[in-house]
Amino acid sequence: MQNIISKSPILGCLLLFILPAMATEHFFTPPESPFITDPRETISPLNVSAGPVENAQSLIDSARQAKADAVLVIHITGKLLVGNTPLKLGSRMCLLLEEAGSIAAKPDAAAQSLVQINAAEFVSISSAGPDRGVLDGQGRALSGITVSGSGKVNIDHLSIRGCGVSAISYTGRDAQAVNDAGSVTRCLVQDCGDGLWVTKTAGFMCLDNIFRKNRRTAISIDSPRSIVVGNDSIRNKTGVVSTSNHGVIARNTFEDNDTSLRLETGSTANLVTGNRSIGKAGSVMVSGRNNRIYANGLASSAATIRSDVNNLFVNNAGLKMAPIGGGPIFFNPPTSTNPHSNDVIVPGMGRFNLAIPGSTNKYQPADLTAVREGLRRARAEHPNNVIVLWMRGYYLSHEPAGLELPANTCVILDGSIRAELGIAPDPAFDKKAPLTQVVRLSPEGYCSFSGGTLDGGRQAFHGVVATSASCALIEGVDIRGAVRDGIHTKGRGAKSPLFINGCSVSANGGRGIWLHVAGDVHALNNVCSGNNQDGIDVDAFATDCTVLFNTSAGNRRHGVFVEEAVTNNIIFGNQFLGNNRSGVHVWNEEVPGNTGQNVIAANLCRGNAKGVSVGGRAANRTAGGNLLFNNVCLDNRDFGLVPGNSNANGNYFSQSVVHGNGLEISAYKTTAFIFSMPAKDSRNEE
């Protein structure tokens, strides 16, 4: 999708509203970088022809000895045969399988793997041509690729088959540092024992792979803040097994597996969203703690939830529950896209439907007072029910508090609510003044607001205030015209999850969506446009939030701002177009500490002033240790990539796509790590 959007930011924005409906679900873009690790690097090409792997190893070892600091780009032009020892790759080596190149096991192979990477960094294995390079285990009891005690290893566009142990076994060297992450992308893995096995690493990327007919598990992953997105699991014993924490498992397809998904006991606070099953639906098994299973289409008849703590299931189409123990939580609110009539929204509570119609004339809206009073009365009369409030028509709010939802309330709006507070438009913002809003989510329990338009009328400070502890969903709402933020979460912390999905947040005087001193907030599939500051701001100690698959366009400041000592957030698969400053800006201005350990991956930054920029204001206000993976920076006016300044060290930029910008990359004074696949003409560089 990223490669076909027009170079015009305006036309690109228009196309965005068309493209998501298409069947494109690929998130990795082959990198375009003017260098592999550094502009001053030496690239040493090496051609290796067919023969025993020992001959190839001798050539590689000699090349490394001759040029100890060079990046070796190794072109395999024929079939290498592995017998008793694997092909061993060390640091700063890039292996390219040419069209006729492959690596295969001999019939009597005794090696534990075809390729071995041990205690190394800045290593890649990929194919040089349009077809996937082949690694064939020939049915032997070995692995295709083993990575041990290593970091910054990228494996892309390979066909790995017939490996009896596993296709890829990856053991990292730092279980917490996302800036040492590895990746497996665009691979076809079939007829192996296990597919991909990952442990002792953080921020691992598993994107756009196909796992087919593997005898055990397609993907087994234990990686904090890992991302498993866009993969197809077809006719494996098990699709995905996760023991990760704070990771994302999203938009994968499961077809005819015995088990589609299993979260193990050690899994914690993962977001599982947008996955779907086709054909025979495999079972879903969820253990662990604080996992969020939201808006999946897995259609399993055997979802087993064990007696761990606070696993939450929200709006999963076709997923039939068979709970074991008292740990899981279910919340199935009716929404504008799914206005269901199910009696059970929250287990243990009944349902009470309440309809309070508004005006059919948008020029003469109904006063919201009747809604507030009706909702208050219904809550008092039905304390053990979830209230489902149906609002149809046009409403006007004259009260600064707007519509305040009591606990356990779901609202479906077909129409609009506009604030008219009897004050001059665009009042000055006073931090000490009471909040004013169109809607305020409930202080406890469960709540949702779906559909319609919320208009601040340039008088209410916020469209939606979601600062309290309720488990909440905001879905499919058009939020506009607030003096400050479209959606305001300041001080929410990580008390309970908030999902913001499919909203249009535009023309607000501050941020579109402000994740401020917040945790466990998930912004998905929203369009944030024309706001006076940032489209989305992840701000001031926000932690464990996700920003996935959003479009942020034409905002006065940044597409997404990641700032002020926020940690452990994931920004993935978004499109940032035509923003006045950066598409993605990672920064620390005022808060002592580090904006770090955030994962920012597979985002498209086009037509902004800068694509991706990183920096810190002072030695005690830094922005370091982040992972920036496969971000696409095209046609930005000033720079494609700004890797940092002296207060932004240790960030890892991997597989960046930087093309057509004013300057592709700024001069930088930082210890950033940069690693990309070899350039197309790397064979001829010396």
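Of the candidates Ile356, Ile387, the single residue that is modelled with pLDDT of 95 or more, buried (at least 19 other Cβ atoms within 10 Å of the Cβ) and within 18 Å of Leu441 (Cα to Cα) is Ile387. Here Leu95 meets the list (1) assigned to a loop (DSSP other than H, G, I, E, B); (2) crowded, with 23+ Cβ neighbours inside 10 Å almost entirely, failing just condition (1).
Scoring Thr185 on the criteria (1) touching a Phe, Trp or Tyr at 6+ places or on another chain (Cβ under 7 Å); (2) free of Cβ contacts under 8 Å to residues at least 60 places away in the same chain; (3) β-branched (Val, Ile, Thr) leaves a single failure, condition (2). Within the range 294-310, the set of residues being of a type in the set (A, V, I, L, M) and within 22 Å of the chain's Cα centre (by Cα) comprises Ala295, Leu298.
In summary, Phe122 fulfils each of the numbered conditions (1) in contact with a Ser or Thr (Cβ under 7 Å, 6 or more places away or on another chain); (2) without any contact (Cβ under 8 Å) to a residue 60 or more places away in the chain with the single exception of condition (2). A residue that is of a type in the set (Ser, Thr, Tyr), in a strand (DSSP E or B) and buried (at least 24 other Cβ atoms within 10 Å of the Cβ) cannot be found anywhere in the range 506-515. Take the residues of the range 422-445 that are surrounded by fewer than 24 Cβ atoms within 10 Å (Cβ to Cβ) and in contact with a strand residue (DSSP E or B) (Cβ under 8 Å, 6 or more places away or on another chain): which is farthest from Val346 (Cα to Cα)? The qualifying residue farthest from Val346 (Cα to Cα) is Leu435. The set of residues in the range 456-486 that are closer than 28 Å to Asn311 by Cβ, out of contact with any Phe, Trp or Tyr (no Cβ under 8 Å at 6 or more places or on another chain) and part of a loop (DSSP other than H, G, I, E, B) comprises Ala466, Thr467, Ser468, Ala469, Gly476. Kindly provide the set of residues from the range 288-321 that are in a loop (DSSP other than H, G, I, E, B), of a type in the set (Ser, Thr, Tyr) and crowded, with 17+ Cβ neighbours inside 10 Å, ordered by number. Scanning the range 288-321 gives a single hit, Ser300.
Restricting Gly611, Gly615, Gly583, Gly625 to those that are farther than 21 Å from Ala523 by Cβ and not in a loop (DSSP other than H, G, I, E, B) reduces the list to Gly615. Scanning the range 364-377 for residues that are buried (at least 19 other Cβ atoms within 10 Å of the Cβ) and either of a type in the set (Gly, Ala, Ser) or touching a helix residue (DSSP H, G or I) at 6+ places or on another chain (Cβ under 8 Å) (or both) turns up just one, Ala366.
Annotation: of all residues in the range 263-287 being within 16 Å of Phe330 (Cα to Cα) and in contact (Cβ under 8 Å) with a residue 40 or more places away in the chain, the one that is surrounded by the fewest Cβ atoms within 10 Å (Cβ to Cβ) is Ala269. Scanning the range 588-607 for residues being in contact (Cβ under 8 Å) with a residue 60 or more places away in the chain, surrounded by fewer than 24 Cβ atoms within 10 Å (Cβ to Cβ) and within 14 Å of Gly644 (Cβ to Cβ) gives a total of 0. Restricting the range 550-576 to residues that are among the β-branched types (Val, Ile, Thr) and in a strand (DSSP E or B), the residue that is farthest from Pro592 (Cα to Cα) is Thr551.
Can you confirm whether the range 446-455 contains a residue that is in contact with a Leu (Cβ under 6 Å, 6 or more places away or on another chain), at pLDDT 95 or above and assigned to a loop (DSSP other than H, G, I, E, B)? For the range 446-455, residues in contact with a Leu (Cβ under 6 Å, 6 or more places away or on another chain), at pLDDT 95 or above and assigned to a loop (DSSP other than H, G, I, E, B): present. Inside the range 103-142, residues that are closer than 20 Å to Asn214 by Cβ and of a type outside the set (Lys, Arg) make up a count of 18.
Of all residues assigned to the range 94-108, at least one qualifies as being in contact with a Pro (Cβ under 6 Å, 6 or more places away or on another chain), closer than 25 Å to Ser676 by Cα and assigned by TED's automatic domain parsing to the domain that holds Ile219. The listed residues are Asp256, Asp194, and the only one of them that is under 30 Å from Pro130 (Cα atoms), surrounded by 22 or more Cβ atoms within 10 Å (Cβ to Cβ) and of a type in the set (Asp, Glu) turns out to be Asp194. Give me a count of the residues in the range 322-351 that are in a strand (DSSP E or B), of a type outside the set (D, E, K, R) and surrounded by 17 or more Cβ atoms within 10 Å (Cβ to Cβ). Within the range 322-351, residues that are in a strand (DSSP E or B), of a type outside the set (D, E, K, R) and surrounded by 17 or more Cβ atoms within 10 Å (Cβ to Cβ) number 4.
Is it fair to say Gln138 is assigned to a loop (DSSP other than H, G, I, E, B) and touching a Pro at 6+ places or on another chain (Cβ under 8 Å)? Yes; evaluated as a whole, the condition is true for this residue. The one condition from (1) out of contact with any strand residue (DSSP E or B) (no Cβ under 6 Å at 6 or more places or on another chain); (2) within 28 Å of Pro34 (Cα to Cα) that Leu89 does not meet is (1).
The values are calculated or read from the model by the stated rules, or taken from the named source; none is laboratory data. Keep in mind the model is a prediction, meaning the values are calculated, not measured. Don't worry about glycine lacking a Cβ; one is built from the backbone with ideal geometry, like all the others, and counts go over all protein chains shown.
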